[in-house]
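The values are calculated or read from the model by the stated rules, or taken from the named source; none is laboratory data. All figures in this text were calculated on a predicted structure; none of them were measured in a lab. FYI the Cβ positions are ideal-geometry reconstructions off the backbone, even for glycines, and counts take in every protein chain you see. Surface accessibility is based on the protein's heavy atoms, side chains included, excluding ligands, DNA and RNA. Shrake-Rupley method; radii C 1.70, N 1.55, O 1.52, S 1.80 Å.
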Amino acid sequence: MLDRDHLTGYIDGLLNVHNIPDGSWNGLQVEGKKQIENVAVTVDAGEETFSRAAENGVDFLIVHHGLFWKSNDPRLKGWMKRRIGILIEAGISLYAAHLPLDLHPQLGNNAQLIGLIGARTTESFAEYHGLKIGWMGTFAKAVMLDAIVDKLEKQLPTACKVLPFGPAKVETVGAVSGGGGMSSLNQAVDAGVDLYISGEPVESYHLARDAGVNIVYCGHHASETVGVKALGREVEKQYKVAVEYIDVPTGL
């Protein structure tokens, strides 16, 4: 069996969670059983996710969007009490990794998006509160935009919103998952990428058209499935334990 505190310490160090400022209380948010047999990963904390984890006998659940944020109301009542109750009753530990899992150079959502479409990461970009959370990449040989969109839609899976105002053949790409926002988009445009990939759409039609850049929005949730899956594979490799992915798509 796997020790909860050992696994927690391993992920803390792997993702450098205690040295990355964030609005999320990253790390172990709810303490469950000391000894772990079953591990699972998912994108979002929530009642449906926790119920499915309990039904599947999960002991340690890793999420990207956790329960506790520094802007939260900390009172455990109503819907929050119900959520916590599921974890406590089943003895499930909840571990959250937000920005540390966005910016990680190998396992992070943004590096994983670059790799998923067949490009190679080159440098970080998209400064956010003093951190560069996005990644840029290049293709060994230019790839058609339509082929990139097709791969994203099949692999994530998702329905992308595409603003095809840049080169039809893409050589350079920048990725900021989730709610990348205008700041990250502007930084990608300033960096001269052919394609910017993000999750949540912003009002960017005219910027994309006038700047001559392609933009693909994959959906906030879908764009952040890749990081937890990569982290799950790393835990599997490190501890020789099966890690389940709990799929609760939001369509957002």
* To do: Place the peptides 89-96, 67-74, 16-23 in order of packing, highest mean first, counting for every residue the other Cβ atoms within 10 Å and averaging per peptide.
  => 89-96, 16-23, 67-74
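Among bridges DSSP assigns within the chain, what percent are antiparallel (round to 5)?
Details: 23 of 43 bridges.
That works out to approximately 55 percent antiparallel.
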* Asked: What is the chain's relative contact order, in percent, from Cα pairs under 8 angstrom and six or more apart in sequence?
  -> 19 percent
* Asked: Mind ordering 223-229, 5-11 by average Cβ neighbours within 10 Å, highest first?
  -> 223-229, 5-11
* To do: Taking all pairs of distinct Cα atoms, average 1/r, flip it, and tell me the Kirkwood hydrodynamic radius of the stretch 67-155 in Å to one decimal place.
  => 16.1 Å
* So which lysines can K169 reach, going by Cα to Cα under 25 Å and dropping same-chain residues fewer than 8 places off? -> K141, K151, K154, K161
* To do: Compute the separation of the alpha-carbon centres of the stretch 155-184 and the stretch 48-78 and state it in Å as a whole number.
  => 30 Å
* Structure fact -> When all Cα-Cα pair distances of the chain are considered, the percent exceeding 34 Å is 19 percent
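Report the percentage of all Cα-Cα pairs in the stretch 1-101 whose separation exceeds 17 Å, rounded to a whole percent. Can you show the working numbers first?
On the way: 2377 of 5050 pairs.
Summing the P(r) tail past 17 Å for the stretch 1-101 gives 47 percent.
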* Asked: Who wins for biggest fluctuation among E171, E234, E55 in a Gaussian network model of the chain, springs between alpha carbons below 10 Å?
  -> E55
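Run the dipole for the chain about the Cα centre, Lys and Arg Cβ at +1, Asp and Glu Cβ at -1, nothing else charged, and hand back the magnitude in debye, nearest 20. It would help to have the intermediate numbers written out before the result.
Numbers: 22 positive and 30 negative charges, 34 e Å.
So the magnitude is around 160 debye.
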* Taking the dipole about the Cα centre of the chain, with the C-beta of Lys and Arg at +1 and of Asp and Glu at -1, give me whichever of G46, L103, S223 is farthest to the positive side. => G46
* To do: May I ask for the angle, rounded to the nearest 10°, between helix 145-155 and the longest principal axis of the chain, with both axes built from Cα atoms and the value confined to 0 to 90°?
  => 10 degrees
* Efficiency by 1/(1 + (r/R0)^6): what FRET value for K77 and L131, r their Cβ-Cβ distance, R0 = 30 Å, to the nearest 0.05? -> 0.35
* Cut-off 19 Å (backbone N to label point 7 Å along Cα→Cβ of A168), residues of the stretch 131-146 -> 141-146
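What is the Cα radius of gyration of the stretch 1-48 over 2.2 N^0.38 Å, N being its residue count? Walk me through the numbers before you get to the answer.
Details: Rg = 11.9 Å, N = 48, 2.2 N^0.38 = 9.6 Å.
Output field value: 1.24.
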* Structure fact -> Rounded to the nearest 10 Å², the 1.4 Å probe accessible area of E47 is 80 Å²
* Step through the table entries K81/K240; K33/K237; K34/K132; K33/K81, compare each Cα-Cα distance with 26 Å, and write down the pairs that go over it. => K81/K240; K34/K132
